[in-house]
Amino acid sequence: GGDSAPVAHEETPVESTQVLLPKRQPKTPPRGTEMPQLSPPSMRAIERREPLDAEGRGRSGSLFEPAVSTAGGTGESRPLSTSSVPPGPFGPGSAMPRPGGGKPADDFAVKASVTALRYCTEDSPQFARMVAEVWFRTPTDAERVGFRPL
């Protein structure tokens, strides 16, 4: 027999196989590329608002209310508070607070929290601490739309 010994193919275990990968380099931007420069703010014209009156009320209402022209608003005859306060989100007897939560007019005496659906009157111990999210003229106006006393 001319048969020679069978050739043994040695298999290398997977653990000993080494694949050399290039070393990871920290990612740095190419030279000359710094942070992108922000463009200066645009100087487009903005609509001028009416100045506030003596009580600090402006004649511009909420963004969600239609703009109503107050023709002939020279201020000679003092308008009733119902016409000088824009209608509130809960119908008649409600009004949005002035900036800082202040009364929209002197005849509004009830502070209310929209998130809690609670209100309190000026004689309530919590009145000073409550942040008015909406004002009502009377507790009846508040209860008519589902608010409860605090």
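See the values below:
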read-out	value
Accessible surface of SER124 - all protein chains present, 1.4 Å probe, nearest 10 Å²	20
Built amide H within the under 5 Å cut-off of VAL134, gap 5+	ALA112, VAL114
Heavy-atom accessible area order for VAL134, VAL114, largest first, 1.4 Å probe	VAL114, VAL134
Per-residue HN-Hα couplings for the range 93-110 [Karplus 6.51, -1.76, 1.60; θ = phi - 60°; Hz; x = Gly/Pro]	x, 10, 7, 6, x, 6, x, x, x, x, 4, x, 7, 5, 8, 9, 10, 10
Per residue accessible area in Å² of the range 107-149, where ligands, DNA and RNA are left out and the probe is 1.4 Å	54
MET130, MET96, reordered so the largest accessible area comes first (probe 1.4 Å)	MET96, MET130
Probe 1.4 Å, all protein chains present, accessible-area order of LYS27, LYS111, LYS103, largest first	LYS27, LYS103, LYS111
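The values are calculated or read from the model by the stated rules, or taken from the named source; none is laboratory data. Just so it is clear, the model here is predicted, and its values are computed rather than measured. In case anyone asks, the SASA skips ligands and DNA or RNA and just uses the protein heavy atoms, side chains included. Shrake-Rupley method; radii C 1.70, N 1.55, O 1.52, S 1.80 Å.
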